[in-house]
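J.: Handing you a structure now.
The values are calculated or read from the model by the stated rules, or taken from the named source; none is laboratory data. Just so you know, these numbers come straight off a predicted model, no measurement behind them. Here Cβ is always computed from backbone atoms with ideal geometry, including for glycine, and neighbour counts include all displayed protein chains.
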Amino acid sequence: MADARPAETETLLKVRPTVFVALGGTGMEVLLRLRRRILQADWNGTRISALDQFPAASFLYFDTDTLEAREAGRAAATDALSAKVAFREGETLQKAVNLARYQAERRSYPHIDSWLPARDLSRIDASKGAGQIRAIARLLFFDEVRSFMDRLTAKAGSVLANVSNEAQLRALGLDTATDLRVVVVASVAGGTGSGAVIDAGYAISSLETPKRPDAVDLFLVLPSGYVGANKDRVFANGVATLSELEYAMRGNPEPPYVESWGDHARVARGVERPFSDVYLFDTQNLADQRTAAIGDLYDMMADVLFEDFGNSEFSGRKRSTGVNQTQHKMRKWAPPSPDRAGRAALFSLNYSALGQAVLATRGSLEFEEHAARAGLGMVEAFFGVARGQGERHIPTVEERDRFAADQLALRFSAFEAFPKVLRPAPPGIPEYDLVGTLLQRADGSSIQESVALGVEEAVDAIRTEIASPRDWAPNLRKEAERLRDDILGRTGSGAAYGPRGAEVLDVRAKLEAAWLSDQDGTLPAALYRLLDDQERGGLDYARALIEGVKELIEADGGALARLNAAADTYARLADEMLAEHFSASLSRLDQVRPGLIFSHRRDAERYLEQAREDLRGSCVLRIRSVAAREAAELLRRVSAKLGTRTGRDPETGSARYDGLLSALNQGHEDVGRLMRELRLDIAEIRNAIERPSGGTFLVLPSGDLPDKIAVAPAEQLAWAREAFRAYGGSRAIFALLREEDTRADLLNAVRDMARRRLGPHRARIPSALDALRELPPARQRETLELMLLRCMPWIYARFDAFSPGGDQFKTILAVEGARAFQAEFGPILRASLPPVLGAGEIGFLESSQRGRIVCYCELSGVPLDVLGPLRRDWRNAYAQELDRLDAIPLHNHKDYLRFPDPVAPSAEESDALRETLSLFLRAVCLGLLQRAPETGLWRFAFEPGDWRSVGSERTLRRKLFDRVQRAAIAAQLAEAEAALSPVQNLAMAALFAWTAKRAYAPRRETVNFDAEARVGGIGHAVADALSRSWRQGAVEAGGLPGDPDRLFDAFLAQIDAWTKPIPGSLADVPAEEANRDPADPPALRAVDKRVIEPASFTTEGLLRLANPAASAPPPPPPAALFYVYRDTVEGPFPLSELAAQARAGTLSAATQIHPQGGAWIAAGDHPALAPLLAPPPPPPAR
């Protein structure tokens, strides 16, 4: 885990404000890893909780894949940082391009139609990405370029806002420079990255607001790591991308790779190439170290990018190294070739490769492990979560019953206050204090007593208000019905109860609200108090308590069953009291004889008192039945609030609940997620300790912490309370755990607190120097050799045609105690340098990171030709994909032949190309190959009248003549050349010399820093070689009338008299083969090829041109030649041609012309052209 805390002697880390651009899946993978490192790093003693708190960097992700961007191998369910690491709104441009619209309306978009391949792409499903079709990604970039640039502008502005960001930067221990860096990360293998990368580079380099980037770097992954995804297509895409990249990186290609992406988005003036530097990455490095896991490469790239923020001295040295290495990239590379054989091209040297390895002591990793374990213990202690089932802290039965009694009035009791008339007295009715609680009003009065009092009042009223005892019984029956309805409600009224029963219902409702309210219910509050009581409760305790209380309520024979049974018993006894005892009392009252007045009154009053007791007992039992039934209903609702089982989890098989148990179970799951993340930290660290040879992160087999760090549970709990103090109790923390945005904050709070509290132990970490000293000499050498091998630049290169110098390698080693380390281990390191480094040296740099060595190696200024797999496997796959009958476009342009082969031709390939060009130029100059103006293709008559295309010059350069073409052309050439006279052979030598000089005019190139030279290509060399061989052959054959040199010069000087131009043939010549620089004078710029004029190409005609007879009439004066200026200088043209242009309307009176030997004048001022350019006379007058 990176520790980016600045050293004590350094106030702030100086970092470069950087915008990172991910193109496609590879860019996404690397930059998500970089974002994770930024979030996990220690910035001046703290960690950030969101990437917008790190103002030194911003991110933009562009992809045709619209699925969620997620780092491979990490699932949101188990990765607490996933939400923080993920790209946010405003950081992504993920869209599917509308292929059908552009395909159908391509003529309406000329800036797209100019390059869009002819193959109909509309039938391809691009809804889920480019599908390894590069042109689809380029089309999306054209479609979204304005959004891309708007977001890039905003992100550049945000990282450059050093004033508004100052406080935030200082809190992180950072300070930003004023130069803007943009890093683009992509691969050449798929569709999006490889298809959009060059356009993106040009667009980024053209950024004007807030400023032009000072550096636009490309981190480009080569295709070897993607062989599992359609290997042939991956390799072919790689070659196509590198071919186009080479075309662009040579600088100011002609024609341009792109000029505009629409009406309002153009390549800015002065942008010569898309990137400042291109860094290449592959799965094999220069020291023959290999990885089969592309993720290893992604991790190393992320580590390299992170070090630019995490280590001020290290990043500063890398920047200064980069400036010094620019000298190797300014030049171009000319592949070795035979003397005067010509150069296929000057290759760009703007490519570099790098590697980085980290060597950590076991002690530094063990410290991180202890910090992670302490964090895990903090979470366990704070939430009361046990590591194993046997360690769970759960309530006893007594604790459960006490909680139920205190919180739910579930203290067991038995009702025994039965009416005396029930003889023998029935057994006590089992119930709970909750029944009595429901019969208690808020003011403390008893509903049961009110019911009994109501009976007393009703009977007293009958006794005092009704004089005749004979009328008491009927009125008592009516009062009994009224009192029953007063409790249970009148039948058919729709009410649950009568007024008295409703009072019980009201008490139950108020009690339910008081107990179960989500905001301030006493039951949830009591449970959360227990949850936060880490000594006596905890999460395991609270969950088990809820389960226990639910069992107490719902089990067979539990509280619900007892209360329902009690309600039924009370109701049965109440009915029995009315049906038997009260009815008997009324019967006896009805049987009193009315004649005996005194006896009648006394007996009636006695029977009335019996009826009173019977009715009172019945009503009391009735109201208790209601209370018992409402108590059961309240407990049902309590149980439902605690949680009702809703099913089973399909993945784990565990029961699912709603209610409070669901919240606590969810909290338990979320806490478990925190714990799993911390366990994952531990596992990753242990894996690094136990497997020291993995990837580019190596662990020293020494340097253990001298003592294990023990943290008592009480300390862990105290640290956890301090870490979570700002967040509140468990209830509030559970809510935060549910939100992805805040879950990682809590995890970082734990990690930060553990690392801070263990900070004093950091000094016990052995230094890398001390750890190495513990090893025997052989193991020291082995360890340092492995570090150097792993930090070698990660490309597979073959240095044969191109061989870098030792100064092109720069190796930096950052370690604490650099001076002592260099003195003690410098000799071992120098002796361990891989041979590929040549004379390379290691620069030692002081580091503030204890227990870690970071070794970085960069190779600067190499051509793509050095890539070993490119020469064979990748190019073979490319050729196969091109030749498929159903081939899907590989290139981002319909004219893919404009892009050069990124590999320098071998000697055999050069010989074959020179042979083809020799055959081609001889046939062209003699007129055997004729160019079709409408197609630009060269045609050949295989039989009289059978003219067939052999391709364009670009095609022939790439694919050569096939066997049939070569044989047929060679046969006709042999016949035609055999018929030539020595004079004609010498004239052909002159034509070949002219072709070398004008049709393949050499380019002006910088060949050694600021020194320039005229450099000819293979076409120039072949034509020049033909000229020399034909000239020598003509001389050796003899029969030339006069001095051969004078004749040769005469033929060359009068080339226009016996040849004619081949219109449009210059357009077919690759840019690197013919000079088109508008800054050069016209005489040095290439023009169309020429072919012999048969009528003039006779021995006699040629001799007349070279040595006119004395008797012949004097030759006409040489035709005057003129240059014409129309945006650029054109010509020269004879006067007859200008006259024809004037008649055709393409030459106006104002057009500037320049007669040879004269000065610029308007065409209308020349006496020979003035009549042709004069305005017409006015119409005749009427």
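J.: If you go through the stretch 815-838 one residue at a time, do you hit one that is among the acidic types (D, E), touching a residue at least 40 places away in the same chain (Cβ under 8 Å) and either under 29 Å from L354 (Cα atoms) or not assigned by TED's automatic domain parsing to the domain that holds D681 (or both)?
T.: We begin by selecting, within the stretch 815-838, every residue among the acidic types (D, E); these are 816, 824.
With touching a residue at least 40 places away in the same chain (Cβ under 8 Å) added as a condition, the list becomes 816, 824.
Narrowing the set further to residues that are either under 29 Å from L354 (Cα atoms) or not assigned by TED's automatic domain parsing to the domain that holds D681 (or both) leaves 816, 824.
Yes, there is a match, as at least one residue in the stretch 815-838 is among the acidic types (D, E), touching a residue at least 40 places away in the same chain (Cβ under 8 Å) and either under 29 Å from L354 (Cα atoms) or not assigned by TED's automatic domain parsing to the domain that holds D681 (or both).
J.: Of (1) crowded, with 19+ Cβ neighbours inside 10 Å; (2) within 51 Å of the chain's Cα centre (by Cα), E908 satisfies all except one. Which?
T.: Unmet condition: (1).
J.: So, in the stretch 522-578, of the ones that are of a type in the set (S, T, Y) and in contact with a Gly (Cβ under 8 Å, 6 or more places away or on another chain), which residue ends up surrounded by the fewest Cβ atoms within 10 Å (Cβ to Cβ)? Show your work before the answer.
T.: Step one: filter the stretch 522-578 for residues of a type in the set (S, T, Y), giving 522, 528, 541, 569-570.
Subsequent filtering for residues that are in contact with a Gly (Cβ under 8 Å, 6 or more places away or on another chain) retains 528, 541.
Values: Y528: 20, Y541: 22.
By that ranking, first place goes to Y528.
J.: Please work out if L116 is closer than 30 Å to G270 by Cβ, in contact with a Leu (Cβ under 8 Å, 6 or more places away or on another chain) and either in the same structural domain as F62 (by TED's automatic domain parsing) or in a loop (DSSP other than H, G, I, E, B) (or both). Before the answer, list the steps.
T.: Values: closer than 30 Å to G270 by Cβ: yes; in contact with a Leu (Cβ under 8 Å, 6 or more places away or on another chain): yes; either in the same structural domain as F62 (by TED's automatic domain parsing) or in a loop (DSSP other than H, G, I, E, B) (or both): yes.
In short, yes.
J.: Mind checking which residues of the stretch 262-300 are among the aromatic types (F, W, Y) and either part of a loop (DSSP other than H, G, I, E, B) or without any contact (Cβ under 8 Å) to a residue 60 or more places away in the chain (or both)?
T.: First, pick out the residues of the stretch 262-300 that are among the aromatic types (F, W, Y): 275, 279, 281, 298.
Selection gives F275 alone.
J.: Residues in the stretch 848-867 that are within 23 Å of P335 (Cβ to Cβ), not in a loop (DSSP other than H, G, I, E, B) and not β-branched (V, I, T): how many? Please lay out each step first, then the result.
T.: Filtering the stretch 848-867 down to residues within 23 Å of P335 (Cβ to Cβ) leaves 859-867.
Those still in the list that are not in a loop (DSSP other than H, G, I, E, B) too: 859-862, 864-867.
Keeping just the survivors that are not β-branched (V, I, T) gives 859-861, 864-865, 867.
Total meeting the criteria: 6.
J.: Output the residues belonging to the stretch 173-195 that are under 18 Å from D217 (Cα atoms), of a type in the set (G, A, S) and either free of Cβ contacts under 8 Å to residues at least 12 places away in the same chain or outside any strand (DSSP E or B) (or both).
T.: A177, G193, S194, G195
J.: Taking the residues in the stretch 944-955 that are in contact with a helix residue (DSSP H, G or I) (Cβ under 6 Å, 6 or more places away or on another chain) and not polar (S, T, N, Q) as candidates, determine which candidate is surrounded by the fewest Cβ atoms within 10 Å (Cβ to Cβ).
T.: R954
To keep it simple, each residue is scored yes or no on (1) in a strand (DSSP E or B); (2) out of contact with any helix residue (DSSP H, G or I) (no Cβ under 7 Å at 6 or more places or on another chain); (3) assigned by TED's automatic domain parsing to the domain that holds H581; (4) within 25 Å of L589 (Cβ to Cβ).
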{"site": "D406", "(1), (2), (3), (4)": "no, yes, yes, no"}
{"site": "S413", "(1), (2), (3), (4)": "yes, no, yes, no"}
{"site": "F418", "(1), (2), (3), (4)": "no, yes, yes, yes"}
{"site": "R463", "(1), (2), (3), (4)": "no, no, yes, yes"}
{"site": "R470", "(1), (2), (3), (4)": "no, yes, yes, yes"}
{"site": "P474", "(1), (2), (3), (4)": "no, yes, yes, yes"}
{"site": "Y497", "(1), (2), (3), (4)": "no, no, yes, no"}
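J.: Let me ask you something else. Give just the number: which of (1) buried (at least 21 other Cβ atoms within 10 Å of the Cβ); (2) of a type outside the set (G, A, S); (3) at pLDDT 85 or above; (4) over 26 Å from K84 (Cβ atoms) does Y657 not satisfy?
T.: Checking Y657 against (1) buried (at least 21 other Cβ atoms within 10 Å of the Cβ); (2) of a type outside the set (G, A, S); (3) at pLDDT 85 or above; (4) over 26 Å from K84 (Cβ atoms), the one that fails is (3).
J.: When you look at A912, is it of a type in the set (A, V, I, L, M), in a helix (DSSP H, G or I) and not assigned by TED's automatic domain parsing to the domain that holds S276, yes or no?
T.: Details: of a type in the set (A, V, I, L, M): yes; in a helix (DSSP H, G or I): yes; not assigned by TED's automatic domain parsing to the domain that holds S276: yes.
Here the answer is yes, as A912 does meet what is asked.
J.: Against the definition (at pLDDT below 90 and β-branched (V, I, T)), how does I765 come out, yes or no? Don't jump to the end; show me each part of the working.
T.: Numbers: at pLDDT below 90: yes; β-branched (V, I, T): yes.
Yes.
J.: For the stretch 989-1086, which fully contained strands (runs of 3 or more DSSP E) count at least 2 residues that are within 16 Å of R922 (Cα to Cα)? Before you say what the answer is, go through the steps one by one.
T.: On the way: elements: 1003-1008, 1011-1015, 1059-1061.
Counting at least 2 such residues, we get 1059-1061.
J.: Let me ask another. Is there a residue in the stretch 210-221 that is surrounded by 24 or more Cβ atoms within 10 Å (Cβ to Cβ) and over 20 Å from L864 (Cβ atoms)?
T.: no
J.: Considering only the stretch 1147-1164, how many residues are buried (at least 18 other Cβ atoms within 10 Å of the Cβ) and hydrophobic (A, V, I, L, M, F, W, C)?
T.: Summing the residues that are buried (at least 18 other Cβ atoms within 10 Å of the Cβ) and hydrophobic (A, V, I, L, M, F, W, C) in the stretch 1147-1164 gives 3.
J.: Count, please, the residues in the stretch 873-913 that happen to be farther than 28 Å from A1074 by Cβ and not charged (D, E, K, R).
T.: Going through the stretch 873-913 one residue at a time, the tally reaches 7.
J.: Against the condition buried (at least 17 other Cβ atoms within 10 Å of the Cβ) and within 21 Å of E449 (Cα to Cα), how does R624 come out, does it pass?
T.: Values: buried (at least 17 other Cβ atoms within 10 Å of the Cβ): yes; within 21 Å of E449 (Cα to Cα): yes.
The answer is yes for R624.
J.: Right, something else. State which residue pairs qualify: first residue free of Cβ contacts under 8 Å to residues at least 60 places away in the same chain and surrounded by 14 or more Cβ atoms within 10 Å (Cβ to Cβ) and inside the stretch 1045-1061, second residue assigned to a helix (DSSP H, G or I) and not small (G, A, S) in any location, beta carbons under 6 Å apart, and separation of 6 or more residues or different chains.
T.: Matching pairs, first to second residue: Q1054/L1105; A1057/L1105.
J.: Among the residues in the stretch 934-943, are any in a helix (DSSP H, G or I), loosely packed, with under 14 Cβ neighbours inside 10 Å and under 56 Å from the mean Cα position of the chain (by Cα)?
T.: Scanning the stretch 934-943, I find no residue that is in a helix (DSSP H, G or I), loosely packed, with under 14 Cβ neighbours inside 10 Å and under 56 Å from the mean Cα position of the chain (by Cα), so the answer is no.
J.: Exactly one condition in (1) in contact (Cβ under 8 Å) with a residue 60 or more places away in the chain; (2) touching a strand residue (DSSP E or B) at 6+ places or on another chain (Cβ under 6 Å); (3) of a type in the set (S, T, N, Q) is not met by T995; state its number.
T.: Checking T995 against (1) in contact (Cβ under 8 Å) with a residue 60 or more places away in the chain; (2) touching a strand residue (DSSP E or B) at 6+ places or on another chain (Cβ under 6 Å); (3) of a type in the set (S, T, N, Q), the one that fails is (2).
J.: Could you identify the single residue in L845, L870 that is among the hydrophobic types (A, V, I, L, M, F, W, C) and part of a helix (DSSP H, G or I)?
T.: Working: L845 fails: part of a helix (DSSP H, G or I).
Only one candidate passes the filter, namely L870.
J.: Can you tell me how many residues in the stretch 315-368 are in a loop (DSSP other than H, G, I, E, B) and either modelled with pLDDT under 80 or not hydroxyl-bearing (S, T, Y) (or both)? Even if it seems obvious, please write down each step before you answer.
T.: Initially, the stretch 315-368 is screened for residues in a loop (DSSP other than H, G, I, E, B), giving 331, 334-342, 344-346, 349-350, 361.
Right, trim to either modelled with pLDDT under 80 or not hydroxyl-bearing (S, T, Y) (or both) and you get 331, 334-342, 344-346, 349-350.
Number of matching residues: 15.
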